[in-house]
Amino acid sequence: MIEPGISDAMAEYVTLAVLALHRDLLAYRVQQAGGDWQPLRFRPPVALRMGVLGTGVLAKTSLSALQPFGFRLNAWSRSRQSIGGVECFAGKAEMDKFLSQSDILVYLLPLTSKTAGILNGALFAKLPPGAAIVNCGRGGHLVHADLLVALDSGRLSGAVLDVTDPEPLPADHPLRLHERRGLVFHANASAFAE
């Protein structure tokens, strides 16, 4: 059940997050705050692989919004899907291959007993080195401590979190303050619907 307007709002949020990560907007913001200026490596969109975990309405709308930019788009779901312009992976047997081809991973699966804590160190280790994540699922999907380790080690280059647990995070939470290797941006894309 999708509330009116939520799929378009989510697609806008996913596009914002992906472009911010792709164009290093968050890293440049930290440089600016520190009075620093170091050009960062630019990769054209065709060189980046977007992986979307999920193929529901929100995921399909987000994939459609990303297509005009020229990213290579992948999606994963439990059962086989066919989405124009998107390489689709299915089932447990294809999960590792999907993750290994996700330079930016967008998470859009529902929270269930099988997906709680899925965004963890084991999953991050299967992404390409320096990958980034965008969590638009639920806060319960993410293991905070594992994300901090992945950011500090450089395993992940960044994270954009639409949701957290608890929400909002306390002002002194390490994910709010993290600026060393990965950057965290928090805004709730679905707040307008509440």
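At 1.4 Å probe size, what's the solvent-accessible area of V57? Round to the nearest 10 Å².
80
Just the number, please: carbon plus sulfur as a percent of the accessible area of the chain, 1.4 Å probe, no ligands or DNA/RNA counted.
Values: 5450 of 9860 Å².
It is 55 percent, rounded to a whole number.
Per-residue accessible area for S79 at 1.4 Å probe radius, Å² rounded to 10?
About 70 Å², ignoring ligands and nucleic acids.
Hey, got a sec? Which trypsin sites (Lys or Arg not before Pro) in region 31-114 land in a DSSP loop and have at most 11 other Cβ atoms within 10 Å?
Those that pass, being in a loop and sparsely packed, are R41, R80, K114.
Where in the chain lies the longest segment free of chymotrypsin sites (Phe, Trp or Tyr not before Pro) that are both loop residues by DSSP (not H, G, I, E, B) and have at most 14 other Cβ atoms within 10 Å? Mind dumping the intermediate values first?
On the way: sites that count: W37, F42.
It works out to 43-194.
About the Cα centre of region 1-100, what is the dipole size in debye to 20, counting +1 per Lys and Arg Cβ and -1 per Asp and Glu Cβ, all else neutral?
Dipole of region 1-100, to the nearest 20 debye: 340 debye.
Say we join alpha carbon atoms closer than 10 Å with springs in a Gaussian network model of the chain; which of P110, P39, P129 then has the biggest fluctuation?
Most flexible of the set in this elastic network: P39.
Please give the per residue accessible area of the chain, computed with a probe of 1.4 Å over protein heavy atoms only, in Å².
51
Here are a few candidate values for percent of Cα pairs over 31 Å apart: (1) 32; (2) 12; (3) 19. Which one was actually calculated from the structure I just gave you?
So the calculated entry is the one marked (2).
Would you calculate, for the chain, the mean residue ellipticity at 222 nm contributed by helices, counting each DSSP H stretch of 4 or more residues as -39,500 (n - 2.57) and dividing by all residues, to the nearest 500? Walk me through the intermediate numbers first.
Numbers: 7 runs with 66 residues, N = 194.
It comes out at -10000 deg cm²/dmol, rounded to the nearest 500.
The values are calculated or read from the model by the stated rules, or taken from the named source; none is laboratory data. Keep in mind the model is a prediction, meaning the values are calculated, not measured. We place every Cβ from the backbone using ideal geometry, glycine too, and count neighbours over all the protein chains shown. Remember, those area values only see protein heavy atoms, side chains included, never the ligands or the DNA or RNA. Shrake-Rupley method; radii C 1.70, N 1.55, O 1.52, S 1.80 Å.
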